[in-house]
Amino acid sequence: MAEVIERRRKQPRRAMYVLPSLFTAGNIAVGFYAILQSMQAVTTGDHNYFDRAALAIAFAMPFDALDGRIARMTNTASEFGKELDSLADVITFGVAPAILAYLWGFRMLPELGNLVFRQKVMDLGMFICFLFLICGASRLARFNITKDPQPQNPGRPDRKYFVGMPIPAAAGVVVSVVHCFNGSPVDNIWVALLWLTFVSFVGFLMVSRWRFWSGKEINLSHGRPFRLLILLTLAIVPIYLFHQYVLIALGLGYTVYGLFSRVSYGWMRRRASHAASN
């Protein structure tokens, strides 16, 4: 009898299971808002709507990070919550940034010069942004079905890594570029081609097997609260004051980290094989 009572005390209340789902619902709501803002920018011609869409997607990233942590902290993780979280990520970090990338980078090109070439660039941009969405959805599916995945370029054993760039980070890279330019859309066809290449590369990083640092080895619950408060303050203040430059620096820095880790691993492996053959 005592064991049954103790087991019931340890089990979380049913209402606690709703808490992580509320953060996931907030994630979906922000993604839906970002899609509406992107469409509103095309309808009105006001580029501020693009900037709002980019900031909304960036704002959704804490929601995505918190729902899983809260579920683990409250012992309310469930299969329903995992599936809902994946669907939310597809909407907020897949559909919303793909629409934003297309409308901001291609749809607003001025009708000047070679209109046939402009239309072909727009069509190719639509296809590439669709591929970005497919890569993000495939990245989530692979993450959900793979247990203990190992990257092609293993890192330090005391650190945990993602295999491929996670979809929130990929969306963050895209929206950081939009926000850096205050939402002002691309008005040069050659810049649009550069944007097309960039979006393609970010999509490839999601489906690659390159390592990206996850930061999951950081345990916030066992840290010193005062030190953690100072670190959060030092991080929030520059983001608030210089958000345009800090966000793009974080996004591009994370992208370059994945590229550098893959290149350096290949270089060290070739060097080791060359030394062994000699």
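Candidates 173, 202, 207, 186: the one that is touching a residue at least 12 places away in the same chain (Cβ under 8 Å) and either over 27 Å from residue 82 (Cβ atoms) or touching a strand residue (DSSP E or B) at 6+ places or on another chain (Cβ under 9 Å) (or both) is 186.
Answer yes or no: is there a residue in segment 238-251 that is at pLDDT 90 or above, surrounded by 12 or more Cβ atoms within 10 Å (Cβ to Cβ), farther than 28 Å from residue 47 by Cα and not small (Gly, Ala, Ser). Within segment 238-251, none of the residues are at pLDDT 90 or above, surrounded by 12 or more Cβ atoms within 10 Å (Cβ to Cβ), farther than 28 Å from residue 47 by Cα and not small (Gly, Ala, Ser). Just to be sure before I move on: is residue 223 at pLDDT below 90 and more than 30 Å from residue 37 (Cα to Cα) in the structure I sent? In short, yes.
Give segment 89-121 a look and list any residue that's over 30 Å from residue 23 (Cα atoms) and touching a residue at least 40 places away in the same chain (Cβ under 8 Å), or say none. Once the filter is applied, which keeps residues that are over 30 Å from residue 23 (Cα atoms) and touching a residue at least 40 places away in the same chain (Cβ under 8 Å), segment 89-121 yields 105, 106, 107, 108, 109, 110, 113, 117, 118, 121. Close Cβ contacts (under 7 Å, 6 or more residues apart or on different chains) running from residues in segment 235-258 that are touching a residue at least 60 places away in the same chain (Cβ under 8 Å) to residues that are among the polar types (S, T, N, Q) comprise 247/176; 248/176; 251/176. Checking each residue of segment 9-17 against the condition of being under 28 Å from residue 132 (Cβ atoms), in contact with a helix residue (DSSP H, G or I) (Cβ under 9 Å, 6 or more places away or on another chain) and at pLDDT below 95 gives no match.
Note on segment 160-181: residues that are in contact with a Phe, Trp or Tyr (Cβ under 8 Å, 6 or more places away or on another chain), of a type outside the set (A, V, I, L, M, F, W, C) and closer than 12 Å to residue 243 by Cα total 0. Summed over segment 174-188, the residues that are in a loop (DSSP other than H, G, I, E, B) and among the hydrophobic types (A, V, I, L, M, F, W, C) give a count of 2.
The values are calculated or read from the model by the stated rules, or taken from the named source; none is laboratory data. Every value quoted in this text rests on a predicted model; they were computed, and no experiment measured them. So basically every Cβ, Gly included, is an ideal-geometry build from the backbone, and we count neighbours across all protein chains shown.
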